[in-house]
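Engineer: The structure under discussion is supplied below as structure tokens; questions concerning it will follow.
The values are calculated or read from the model by the stated rules, or taken from the named source; none is laboratory data. Only a predicted model underlies this, so the values are computations on that prediction, with no experimental measurement involved. Cβ atoms come from the backbone with ideal geometry, glycine included; neighbour counts cover every protein chain shown.
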Amino acid sequence: MSTDAYGEPGRTTPAQIVAGYLAAFSIAASLISLAWHPLRLEGPAIVLAMISAGMTGRGNRLSQAAVGVAALCFFFGLVISVVTGRALY
């Protein structure tokens, strides 16, 4: 009998690992967008966060945090750009 290594409790699947990297990249891009043009980075950051959340399901907090950070940085990035008079794109 062969055992499935990914069926064991506590083991992470390759999809969860990739989703974690996508979520981390999304958070980094979202935070950078606050200092740079928000619309150039926030669109891809939101897409990456949503893909990461879709890959992992409900159990991954990093993916949930990436979606929240991307949404907040989108809002605050636009507010900062409008208040300071910088270009949005």
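Engineer: Does any residue of segment 63-77 turn out to be among the aliphatic types (A, V, I, L, M) and modelled with pLDDT under 95?
Structural biologist: No, segment 63-77 contains no residue that is among the aliphatic types (A, V, I, L, M) and modelled with pLDDT under 95.
Engineer: I've got another one for you. Among the listed residues ALA71, ALA49, ALA45, ALA66, identify the single one that is more than 8 Å from the chain's Cα centre (by Cα), surrounded by 14 or more Cβ atoms within 10 Å (Cβ to Cβ) and part of a helix (DSSP H, G or I). Working first, answer last.
Structural biologist: On the way: ALA49 fails: more than 8 Å from the chain's Cα centre (by Cα); ALA45 fails: more than 8 Å from the chain's Cα centre (by Cα); ALA66 fails: more than 8 Å from the chain's Cα centre (by Cα).
When all the criteria are applied, what remains is ALA71.
Engineer: If I filter segment 6-25 down to residues being over 10 Å from ALA66 (Cα atoms) and within 13 Å of the chain's Cα centre (by Cα), which single residue comes out as surrounded by the most Cβ atoms within 10 Å (Cβ to Cβ)? Talk me through it step by step, then tell me what you get.
Structural biologist: Narrowing segment 6-25 to residues over 10 Å from ALA66 (Cα atoms): 6-19, 21.
So of that shortlist, the ones also within 13 Å of the chain's Cα centre (by Cα) come out as 18-19, 21.
Working: VAL18: 14, ALA19: 24, TYR21: 12.
It comes out as ALA19.
Engineer: Still on this structure: Search segment 74-89 for residues being within 16 Å of GLY43 (Cβ to Cβ) and touching a residue at least 12 places away in the same chain (Cβ under 8 Å), and hand back the single one that is surrounded by the most Cβ atoms within 10 Å (Cβ to Cβ).
Structural biologist: Among them, the one singled out is GLY77.
Engineer: Between GLY43, GLY57, which is without any contact (Cβ under 8 Å) to a residue 12 or more places away in the chain, closer than 21 Å to TYR89 by Cβ and not β-branched (Val, Ile, Thr)?
Structural biologist: GLY43
Engineer: Which one of these does ALA28 not meet: (1) among the hydrophobic types (A, V, I, L, M, F, W, C); (2) modelled with pLDDT under 95; (3) surrounded by 12 or more Cβ atoms within 10 Å (Cβ to Cβ)?
Structural biologist: (2)
Engineer: Could you grab me the full set of residues in segment 74-89 that are assigned to a helix (DSSP H, G or I) and either within 18 Å of GLY20 (Cα to Cα) or of a type in the set (A, V, I, L, M) (or both)? Before you say what the answer is, go through the steps one by one.
Structural biologist: So in segment 74-89, the residues assigned to a helix (DSSP H, G or I) come out as 74-84.
Selection gives LEU78, VAL79, ILE80, VAL82, VAL83.
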